[in-house]
């Protein structure tokens, strides 16, 4: 039934809009940082861009002025290199203090503490009430 198909499609689109990603408490998502970085990179690129008019006799809004056109030269190689490269720490030997620490066990303990924090708090509260 074509009408129902259309109605279902419209309802799916409405639902998608209703549950679309919303701002949440806490840290921003990673894509926000990459998106902002891309916007800044494109703005810088557009500021350095020299736009030649299609007709020299009738330049449009946004076209470069004649002085910029005279000094324009073709660039080769990396025009705007990516600048947000992560600086990694150079490899080094593990010292004695780092060998003594059992990181895996420590991380598992932290994870478990976080997972069971609410339950432990509740049990402690119940135990305190029983002792009264």
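Residues of segment 1-39 being part of a helix (DSSP H, G or I) and either touching a strand residue (DSSP E or B) at 6+ places or on another chain (Cβ under 6 Å) or within 30 Å of residue 83 (Cα to Cα) (or both), which ones?
Within segment 1-39, 30, 31, 32, 33, 34, 35, 36, 37, 38, 39 meet the criteria.
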| query | Considering 85, 32, which residue is surrounded by 10 or more Cβ atoms within 10 Å (Cβ to Cβ) and at pLDDT below 85? | reply | 32
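The values are calculated or read from the model by the stated rules, or taken from the named source; none is laboratory data. Only a predicted model underlies this, so the values are computations on that prediction, with no experimental measurement involved. Reconstructed Cβ throughout: ideal geometry from the backbone, glycine too, with neighbour counts over all protein chains shown.
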